[in-house]
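One structure is given here, and the rest of the page talks about it.
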Amino acid sequence: MMNCELLATCSALGYLEGDIYHKEPDCLESVKDLIRYLRHEDDTRDIRQQLGAGQILQNDLLPIITQHTQDKPLFDACIRLMVNLTQPALLCFGKVPDDPAFRHHFLQVTSYLQAYKEAFADEKIFTVLSETLYNLLQLDWEQRAEEDNLLIERILLLVRNVLHVPADPYEEKNVDDDASIHDKLLWAIHMSGLDDLLKFLACAQSEQQWSFHILEIISLMFRDQTSELLVNAGQMRSAQEKQKDMQELELLRQKELAEKRSRTLLRGARHSRFRGSYVIQGLKAIGEKDVIFHQGLHNFKNYSHDVGKPTRRVPKRKQMAQDSENQRRSALNVRLFLREFCIDFLENCYNRLMYLVKEGLIRERAQQHDETYYLWAITFFMAFNRHQNFRPDVVSETISNRTFHFIEKNITNYYEMMLTDRKDATSWSRRMHLALKAYQELLLTVNEMDRSKDVNIQHSSNVIKSNIFYLMEFREIFLTLLRKYDERMQPRSFLRDLVESTHLFLKMLERFCKGRNSLVVQKKRVKRRKHSQKTLQTEPTPEDLEQTWQIVSQELRASESLTQSAVPFDATSETPVDEQRTEALGRIQDCIMSCAGPEALSLLRAARFANPSVVRPYIILLRSYSQNSVHTNHCITRMLHRLAVDLKMEALLYQLSIFSMFNKILEDPAVAVYQELVTFAKYVLNRFFVFATKNNKAFVELLFWKNVGAVREMTEGYNKDGAQKLWTPEEEEQLQRLYEEYKDSGDIVETILPLLSISHTRREVVSHMVSMGLVDSVKDLKKESPLFIVFSVIFIDVLGNILKRITAKRSRARIVDKILSMGLVSDRRDLYKKRKPSAPGRSSGMVRLSGPVLWLQNSLNRTADDREEDGVSHPVALVPLTEENEDAMENKAFQKLLRAVGIRAPTDGQESFWRISSSLSVHQLRSVAASLDMVEETAAEGDSEGNQENSLTVEMEDNDNQEMRAQALRALLLSRQRKCASSKSKGNDRIEEKISKKRRRVLDDDDDDDDDQRGNEQ
C-alpha cells in the first residue's frame, strides 16, 4: 500500500492517455519531491519499493523523457530520479542481507529493477538519450556548463545501472540463439547509435574523464559473452573445426551407447514380478547374521550401509564454493553487432582507453574495485584479438612487463584480503579469479607472439619471457596458488583455470630453456653458516664459474636420464623443514660446483613439484573428469606424468582416494573416451603392485598422503638414513673439551658446530649436551635472537657504559675527545643522546614505535599459527593499514628491527611490502614475538624515567655496536697504561675543566655524571 503523501505526489506528475502523456503543472516540483523522499527512505528501502510497485518509471518517467524532451529542467530532474531508482540493490543494502526479512526486501527491489530493465528495452528511449548525449558532446569546453557535464555523467550512469540489472532465471527461460531482455537492450543501444557515442568517448582526447564509466558500460554489454563465440559469429566453420565437432559428437555417442549397454547387461531378458531377497555372505548386519538385501541384483553394486540414513548437514563455512559463471549464446544479430563493435574498439579505442584507466588506477583516481573492469578488458579483448586475425599492435598497451607486475600484485593483494576479510572472502576470491584469467590471457598472447613469423614480434616475445621466467615472483605464482588452494572459498572453475595456466607456463618455460647453454635464474639468497678459518676456501673467480657451468650444461645435454634417487627433504630427520630447504639449496650448489649436473637438476625439480599440497588440487579437479574438457584432463595427466615418470616419484600417488578414483575411471562405461587417463592409471597401479611385493606395508601407506621423505622411506627402507646418530666416546670427549673452552662465548652451540670432527645438527648437539650434564636444560643454550642486536643498537648508551666501567675517573668530554682521536667514531654527534621534547603529550621515538611493535608482534604470532596449521612456509607480506604503521615502516630504526627478525625488504620494482621470510620456523617466529615484549617494557620504563634514559639518534652507523664498545674499552685501557709519570700543568687542567663544563651541557643529562665530575674536581 502506497503512502498517502507519496500517492498524492505521484498523481501530480500527470497521466497517460493512449500514447500521449499529459503532464500536470506541478510535474517538475513533484519529481523533485520524489527525489527528496528517496533521500530520506529507511533501511528497508520502503519508498523505492512503493514506487516500483506503482510502476512510476514505466508509466510516468519514461513517457516524460520521450515526449517532453524540450523541457530541459524537467528532463534533467527525471534523469536524476531514474538514476536513483535504477541503482543496483547491492548499493542500496550494502551487501546481500543475512536477515530473512531484509533478504525479502532485497529480492523485492531486485524484481522491480528487472521490470525497469524490460521497460528500457525500447529503441525510442535510447534514441532520446543518444540524441541528448550527442548534442552535449557537440559543445566545446568553453560553452559546456557544469550542468551539462552532470547530465552527461547521469546519462552514462543510467545506462550503466540498466545494463547492470541481473537476469531473472525463472522468468527468462530462453535457450541459446534466442533473444533475452539483455539482448533486446543491446539491440536498442545499437539501433539508437549510442554504441558509436561510447566508442567516441573512449578515444576522444577531450573526454578522457569518462574513461572508467565507458569501460564499465562496455564490460556490462559483453556480460555472458565469450570471445570465441563472437569471433565465429556469422563465419563459415573451417574443416578443422567441423572435424573437432564431429569427434566430440562421436565421443558423446560412444559414451551414451556404453552406458546403455551396461544397463542392458544388468537386467535380465525376462521381467521379474518380484525383486527378490538375497543374503550377502561375509557382510554382517547389526547382529551376528549376514545382511539381507531386498532389491534386485543390478542395484547391489550401489549398496551401502548409509542407505536410508539422513544426510549429514555440512556447515556453511565448510561447504564448497559454487561457480558463478553464466554463459549463453545470444541471438545471431546481437552477436554480429557485438563482433563489429569489438573490431572497431580494438582498432581505434583499446590502447588509449586502457592507458587512461591504468593511469587512473596507479594515481588512485578510481573508485574501489574499479581495477576489476581493467582486468576483464584484458581478458576479453586480448582473447578476441588472439582468435580474430592476431595483431599485437592493437593490444600493445597491455603487452608489457608492467602489466604482468600489476596483475601479479593484484593477485597477491586479493589473496591476502581473502584471508583477512573472511566475511567477504567469496567476493575477493571472485576478483582473484578474474586476475588469474587476465594473467592466463597474457601468457596465451605471448605464446601466440612466439609463433609469429615476424622477427620483431618474436624478439618482443623473448624480451617479455626473459623477464617473467627469470623473476621469482612471476615464476612461483602458480606454485603458490596451488599450495594455497581452498575449495571452500575458491570454486572449481578457478582451479581449472589455474591448472591450465600452470600447464601453459611450464610448456612455455620448457620451450624457452631449450638451446640455452647459460641460463641464470634469480633466486632467494640463502645465508650459509660460516665455518672456521681452517675450513675456508678461496672463492672461485667468474672465469672458473663460467667454465664450471659450461661443463655442467654439456653434461646435462648429454645425459639421457636424471638421477632417480635425488631426494631434497627427509621427513624422518629432526631438522626443521626450513633448514632442510636451505640445506637442499646448498646441496644443489655443491652438485653444480662438483660438475654433477643431473643430480642438481633432479634435486631442483623434486624440491619444487614433489609436494602433496601441489598434487592435492590436481586430484580434486580430476574427480570431475567426466565434466572436464579434453584439454583440462590432458593438463592434469601431464602434471602427474611429470611427477610419476619424469621425476620417478610415482609413490607420491600411492593414496587410497587416488586409487579409488582410478578404479572409477577404469569401470566407466565410456572408458574409451579417456584413453590418456586410463593409460596413466594403469601405469601407476602396475608400479604399485610391483612395489607391494617388496614392501609389506604398502597397503597401509595407501591411507596417508606422502611427502618426499615418506617416499624415500617406502622405496629405500624405513629409518635407513633417518636414525639418530650415535656419539662415540671420542666425540663426547671432544664436545666436552670444546664446551669448556668456549662456554663463555655468546652462542656456544654456533661456535662449537664447525669445530666438530663429524657434522651434527644443532638439535643433536644441544640434546647431547643436556644428556651429558654439561647444561641443565635446553633453555641455557637458547640461541640469542637477532632482535637483541637491534635492541642494543637502539637502547644501549655506549658512552654511559664506558663511564660506568672505566676504573680511572675521566670526564665525559675527555672520553669523547679520546674516542675521536682514536678514530673509533667519525663524528661527535654519533655519541650524542637525543633529549626528550619538553612539550607535554609528546613521547620519545621508541614510545611512538610501541604501536607498530605490537602490530609486528601480532603479525608474527598470526603467521606462526598459519604455518603450524598449513604445514608449509611462504613469505607473508606486512601490509600497514594505519598511518602510524606506515610511518614506522619508513623509520630507519624500525627497518633495522625488521631486518634483524628475518623480515625481507621489498624487491625494487617488483614488490611493495616487507615480507616475513619463509625460512623462519614456527618456533623462531614465536620466540621473536615473545622477545618483542621486552622492547615494549623497555620503552615504557624509558618513558617513566624521564630524561635519564633517552634513545640514541636513528642516524647511527650500521657497524656492530658490541665491537665498538669493546674497542672503546681496549683503547681506554691502553690510554691508562700509557699515562705519563709526570702530571700535566695545573693551567692545562683548568682549561680542560672549562672545556669539559661547556661540553657537559650537551653530553651530560644524568645526575650521576654531575656527581662523578664533582668527585674529579675534589
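Checking the conditions here, which among M418, M432, M449 is farther than 25 Å from F913 by Cα and either at pLDDT 95 or above or open to solvent by less than 20 Å² (accessible area, probe 1.4 Å) (or both)?
Working: M418 fails: farther than 25 Å from F913 by Cα; M432 fails: farther than 25 Å from F913 by Cα.
Of M418, M432, M449, the one residue that is farther than 25 Å from F913 by Cα and either at pLDDT 95 or above or open to solvent by less than 20 Å² (accessible area, probe 1.4 Å) (or both) is M449.
Within the stretch 103-113, restricting attention to residues that are touching a residue at least 60 places away in the same chain (Cβ under 8 Å) and open to solvent by 40 Å² or more (accessible area, probe 1.4 Å), the residue that is farthest from the chain's Cα centre (by Cα) is Y112. Within this structure, S660 passes the test of being out of contact with any strand residue (DSSP E or B) (no Cβ under 8 Å at 6 or more places or on another chain), open to solvent by 70 Å² or more (accessible area, probe 1.4 Å), modelled with pLDDT of 90 or more and of a type outside the set (D, E, K, R). In the set (1) surrounded by 16 or more Cβ atoms within 10 Å (Cβ to Cβ); (2) more than 21 Å from A258 (Cβ to Cβ), the condition left unmet by F699 is number (1). T379 meets the stated requirement of being under 19 Å from K409 (Cβ atoms) and in contact with a Lys or Arg (Cβ under 7 Å, 6 or more places away or on another chain).
Table: residues versus (1) in a loop (DSSP other than H, G, I, E, B); (2) within 16 Å of the chain's Cα centre (by Cα).
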site	(1), (2)
I457	no, no
N467	no, no
T480	no, yes
D486	yes, yes
L495	no, yes
E500	no, no
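Only residues that are closer than 10 Å to L434 by Cα, of a type in the set (A, V, I, L, M, F, W, C) and open to solvent by 10 Å² or more (accessible area, probe 1.4 Å) were counted in the stretch 372-390, giving 1. Tallying residues that are under 14 Å from E408 (Cβ atoms) and either of a type in the set (F, W, Y) or at pLDDT 90 or above (or both) within the stretch 459-469 yields 2.
Does at least one position in the stretch 330-352 carry a residue that is part of a helix (DSSP H, G or I), at pLDDT below 90 and either open to solvent by 40 Å² or more (accessible area, probe 1.4 Å) or of a type in the set (V, I, T) (or both)? Yes: the stretch 330-352 contains one or more residues that are part of a helix (DSSP H, G or I), at pLDDT below 90 and either open to solvent by 40 Å² or more (accessible area, probe 1.4 Å) or of a type in the set (V, I, T) (or both). Per the listing D60, D26, the residue uniquely of a type in the set (D, E, K, R) and open to solvent by less than 50 Å² (accessible area, probe 1.4 Å) is D60.
Looking at the structure I just gave you, is V96 part of a helix (DSSP H, G or I) and either under 30 Å from D424 (Cβ atoms) or touching a residue at least 24 places away in the same chain (Cβ under 8 Å) (or both)? For V96, the condition - part of a helix (DSSP H, G or I) and either under 30 Å from D424 (Cβ atoms) or touching a residue at least 24 places away in the same chain (Cβ under 8 Å) (or both) - is not met. Within the stretch 339-351, at least one residue is within 24 Å of S452 (Cβ to Cβ), of a type in the set (S, T, N, Q) and within 29 Å of the chain's Cα centre (by Cα). No other residue among V159, V175 is of a type in the set (V, I, T) and exposed (fewer than 14 other Cβ atoms within 10 Å of the Cβ) apart from V175. The number of residues in the stretch 180-202 being open to solvent by 40 Å² or more (accessible area, probe 1.4 Å) and among the hydrophobic types (A, V, I, L, M, F, W, C) comes to 3.
Within the stretch 653-676, none of the residues are under 37 Å from the mean Cα position of the chain (by Cα), within 30 Å of I758 (Cα to Cα) and assigned to a loop (DSSP other than H, G, I, E, B).
Among residues of the stretch 29-57 being among the hydroxyl-bearing types (S, T, Y) and open to solvent by less than 50 Å² (accessible area, probe 1.4 Å), the one that is modelled with the highest pLDDT is S30.
Output the number of residues of the stretch 894-929 satisfying the condition of being of a type in the set (A, V, I, L, M), within 16 Å of W855 (Cα to Cα) and modelled with pLDDT of 80 or more. The number of residues fulfilling the criteria is 7.
Residue check: E397 meets all listed conditions (1) open to solvent by 30 Å² or more (accessible area, probe 1.4 Å); (2) of a type outside the set (S, T, Y); (3) modelled with pLDDT under 90 but one, namely (3). If you check D306 against the conditions, is it part of a loop (DSSP other than H, G, I, E, B), open to solvent by 90 Å² or more (accessible area, probe 1.4 Å) and either at pLDDT 85 or above or among the acidic types (D, E) (or both)? Answer is yes for this residue. Exactly one residue among Y21, Y15 is among the hydroxyl-bearing types (S, T, Y) and either in contact with a Ser or Thr (Cβ under 9 Å, 6 or more places away or on another chain) or in a helix (DSSP H, G or I) (or both), and that residue is Y21.
Scanning the stretch 859-878 for residues that are of a type in the set (A, V, I, L, M, F, W, C) and within 10 Å of R915 (Cβ to Cβ) returns V876, A877, L878.
Residue-wise test of (1) of a type in the set (S, T, N, Q); (2) buried (at least 18 other Cβ atoms within 10 Å of the Cβ).
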| position | (1), (2) |
| --- | --- |
| Y625 | no, yes |
| N633 | yes, yes |
| L656 | no, no |
| V678 | no, no |
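Any residue at all in the stretch 120-134 that is assigned to a helix (DSSP H, G or I) and in contact with a Cys (Cβ under 9 Å, 6 or more places away or on another chain)? No, every residue in the stretch 120-134 fails to be assigned to a helix (DSSP H, G or I) and in contact with a Cys (Cβ under 9 Å, 6 or more places away or on another chain).
Within the stretch 706-727, is even one residue surrounded by fewer than 18 Cβ atoms within 10 Å (Cβ to Cβ), touching a Ser or Thr at 6+ places or on another chain (Cβ under 7 Å) and hydroxyl-bearing (S, T, Y)? Checking the stretch 706-727: not a single residue is surrounded by fewer than 18 Cβ atoms within 10 Å (Cβ to Cβ), touching a Ser or Thr at 6+ places or on another chain (Cβ under 7 Å) and hydroxyl-bearing (S, T, Y).
The values are calculated or read from the model by the stated rules, or taken from the named source; none is laboratory data. Bear in mind that the values here come from a model prediction, so they are computed numbers and not experimental data. Using ideal geometry, Cβ is built from the backbone for each residue, glycine included, and neighbour counts are taken over all protein chains shown. Accessible surface areas use protein heavy atoms only, side chains included; no ligands, DNA or RNA. Shrake-Rupley method; radii C 1.70, N 1.55, O 1.52, S 1.80 Å.
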